[in-house]
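Input: a single structure, listed below in structure tokens.
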């Protein structure tokens, strides 16, 4: 299958001798393997209290020393400001580019990278020309089926916690890399507590607006409804309230056999 444009994305270059050290001290994943070889990973920038601010891909293209950051457009301006604030006197330059992002399923073209979150999401490519044509893949259906959150939908700035959103399962957080902003809270959630809430895929009959409260039969809030596709939905749920009848407005939610 040929690729299609991944619209709504912004790409920056990150240059300067301190680029690896700079990102290593800020984001949830390990940057240092990119010192040795081309590659891609997914990571988040957090508040000091461990809450999500933005997620993005960091890429080192083949044959280049600079790094790329691939981020959702609605998050770009605020994230650029924060990174600039953290830069201080570090030898780092973050520069907007006209690089276009493509993605697709099937055999990956030369120079592209497997999506680091899940094999189900295929590959991502970075070039100077955006691909034309209509979308060919129902990416929402893939995300819902494989319980993969999206920037600005299931991933909500100043609200979401990484482990509740599935970042560990999706290779977006490294617990061996050392300190970064928000690391202490994230590590404590990993090692000292049992998660009581998190992102799950449910069956759904009907539909309801994103963000609708999900209620138990006795009216207690059990979670919030997010992306819906082909009879399934992503929801952020309290695990102790997932059994029995669940309603979101006029939609009925159904616990699937492999849900937590």
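The values are calculated or read from the model by the stated rules, or taken from the named source; none is laboratory data. Predicted model only: the values in this text are computed from it and were never measured. As a convention, Cβ positions derive from the backbone with ideal geometry for all residues, glycine included, and neighbour counts pool all protein chains shown.
When residue 230 is evaluated against the numbered criteria (1) within 19 Å of residue 145 (Cα to Cα); (2) surrounded by 14 or more Cβ atoms within 10 Å (Cβ to Cβ), which criterion, by number, is the only one it fails?
It fails just one condition, (2).
Being modelled with pLDDT of 95 or more and not in a loop (DSSP other than H, G, I, E, B) is the requirement here; does residue 200 meet it?
yes
Which ranges mark the strands (runs of 3 or more DSSP E) fully within the range 1-103 that have 1 or more residues being within 17 Å of the chain's Cα centre (by Cα) and in the same structural domain as residue 124 (by TED's automatic domain parsing)?
Of the strands (runs of 3 or more DSSP E) lying wholly inside the range 1-103, those with at least 1 residues that are within 17 Å of the chain's Cα centre (by Cα) and in the same structural domain as residue 124 (by TED's automatic domain parsing) span 9-15, 39-46, 52-60, 67-72.
One residue is enough: does the range 143-158 have a residue meeting the conditions assigned to a strand (DSSP E or B) and either in contact (Cβ under 8 Å) with a residue 60 or more places away in the chain or outside the structural domain of residue 48 (by TED's automatic domain parsing) (or both)?
Yes, that holds for at least one residue.
Would you confirm, using the coordinates I've provided, whether residue 150 is surrounded by fewer than 17 Cβ atoms within 10 Å (Cβ to Cβ) and in contact with a helix residue (DSSP H, G or I) (Cβ under 7 Å, 6 or more places away or on another chain)?
yes
Output the residues belonging to the range 173-194 that are part of a loop (DSSP other than H, G, I, E, B) and either within 18 Å of the chain's Cα centre (by Cα) or surrounded by 13 or more Cβ atoms within 10 Å (Cβ to Cβ) (or both).
Passing the criteria: 173, 174, 175, 177, 180, 181, 182.
Determine, yes or no, whether residue 253 is in contact with a helix residue (DSSP H, G or I) (Cβ under 7 Å, 6 or more places away or on another chain) and surrounded by 12 or more Cβ atoms within 10 Å (Cβ to Cβ).
no
It is to be established whether one or more residues within the range 157-172 are farther than 17 Å from residue 44 by Cβ and surrounded by 20 or more Cβ atoms within 10 Å (Cβ to Cβ).
Checking the range 157-172: not a single residue is farther than 17 Å from residue 44 by Cβ and surrounded by 20 or more Cβ atoms within 10 Å (Cβ to Cβ).
Using the structure shown, decide if residue 211 is part of a loop (DSSP other than H, G, I, E, B), under 18 Å from residue 164 (Cα atoms) and either without any contact (Cβ under 8 Å) to a residue 24 or more places away in the chain or in contact with a helix residue (DSSP H, G or I) (Cβ under 9 Å, 6 or more places away or on another chain) (or both).
So residue 211 passes the test.
Any idea how many residues of the range 22-45 are surrounded by fewer than 17 Cβ atoms within 10 Å (Cβ to Cβ) and out of contact with any helix residue (DSSP H, G or I) (no Cβ under 9 Å at 6 or more places or on another chain)?
Number satisfying all stated conditions: 4.
This table checks each residue for (1) in contact with a helix residue (DSSP H, G or I) (Cβ under 9 Å, 6 or more places away or on another chain); (2) at pLDDT 95 or above; (3) under 27 Å from residue 62 (Cα atoms).
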{"site": "124", "(1), (2), (3)": "no, yes, yes"}
{"site": "159", "(1), (2), (3)": "no, yes, no"}
{"site": "171", "(1), (2), (3)": "no, yes, yes"}
{"site": "181", "(1), (2), (3)": "yes, yes, no"}
